[in-house]
Amino acid sequence: MARPRCCRHVDELPAVRHFKPQGIPLHRVPEVLLAVEELEAIRLADLEGLYQEEAAARMNVSRATFGRIIESARRKVAEAIVTGKALRIEGGDFEMPNMRTFVCTDCQHSWQSPCGTGRPSECPSCHKQNFHRADGEGGGQCGHGHGHAHGHGHGQHQHGSCCGRR
Ligand SMILES: [Zn+2]
């Protein structure tokens, strides 16, 4: 499986993915596209008030990479607010460590399901029950949607090392 960049960890997906200026029909509002990991960077640095080192460790990226993400994110948000554009939060290049990956033994279909939702009852592709966890470890430590493990010694988890965990 090709992975252009190493997994940027995002704890949770935003509840609202689309903001637009009031009173203007959507089709007449230009959009700014904010990647999910850019929103996560804003959440960590500006909402939680983490230092960039901490925020970078939480997202499993180097500080330099985090700096680029947050800079781009802030520029987009500023652009949307200042020039009256809509903001859509979509896509990006990240992975959610709280997602579990399953693989079907029968049809080789693989899919992801968030932690805390219980084990899927069947393969979404062939509807059989012969599937198993593909990501193996980490199954026991799924929280219920909030993976805010502070002071967890993630500092040594440098960019580039995490793709070797499989
Ligand atoms: Zn299947």
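The values are calculated or read from the model by the stated rules, or taken from the named source; none is laboratory data. These figures come from a predicted structure and were not determined experimentally. Virtual Cβ from ideal backbone geometry, glycine too; neighbours counted across all protein chains shown. Accessible surface areas use protein heavy atoms only, side chains included; no ligands, DNA or RNA. Shrake-Rupley method; radii C 1.70, N 1.55, O 1.52, S 1.80 Å.
Listed values, structure above:
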{"quantity": "Residue among Val29, Val16 that is out of contact with any Asp or Glu (no Cβ under 8 Å at 6 or more places or on another chain), open to solvent by less than 60 Å² (accessible area, probe 1.4 Å) and over 15 Å from Asp93 (Cα atoms)", "calculated": "Val29"}
{"quantity": "Residue check, Val32 of a type outside the set (S, T, N, Q) and either within 16 Å of the ligand (Cβ to nearest atom) or not in a loop (DSSP other than H, G, I, E, B) (or both)", "calculated": "yes"}
{"quantity": "Count of the stretch 87-113 residues which are of a type in the set (Gly, Ala, Ser) and surrounded by 18 or more Cβ atoms within 10 Å (Cβ to Cβ)", "calculated": "0"}
{"quantity": "Search result, residues across the stretch 103-119 that are within 11 Å of the ligand (Cβ to nearest atom) and part of a loop (DSSP other than H, G, I, E, B)", "calculated": "Thr105, Asp106, Cys107, Gln108, His109"}
{"quantity": "Failed condition for Cys123, given (1) within 9 Å of the ligand (Cβ to nearest atom); (2) of a type outside the set (S, T, N, Q); (3) assigned by TED's automatic domain parsing to the domain that holds Asn60", "calculated": "(3)"}
{"quantity": "Condition met for Val36 (open to solvent by less than 30 Å² (accessible area, probe 1.4 Å), β-branched (Val, Ile, Thr) and in contact with a Lys or Arg (Cβ under 8 Å, 6 or more places away or on another chain))", "calculated": "no"}
{"quantity": "Identity of the residue in the stretch 57-83, without any contact (Cβ under 8 Å) to a residue 60 or more places away in the chain and of a type in the set (A, V, I, L, M), that ends up surrounded by the fewest Cβ atoms within 10 Å (Cβ to Cβ)", "calculated": "Val82"}
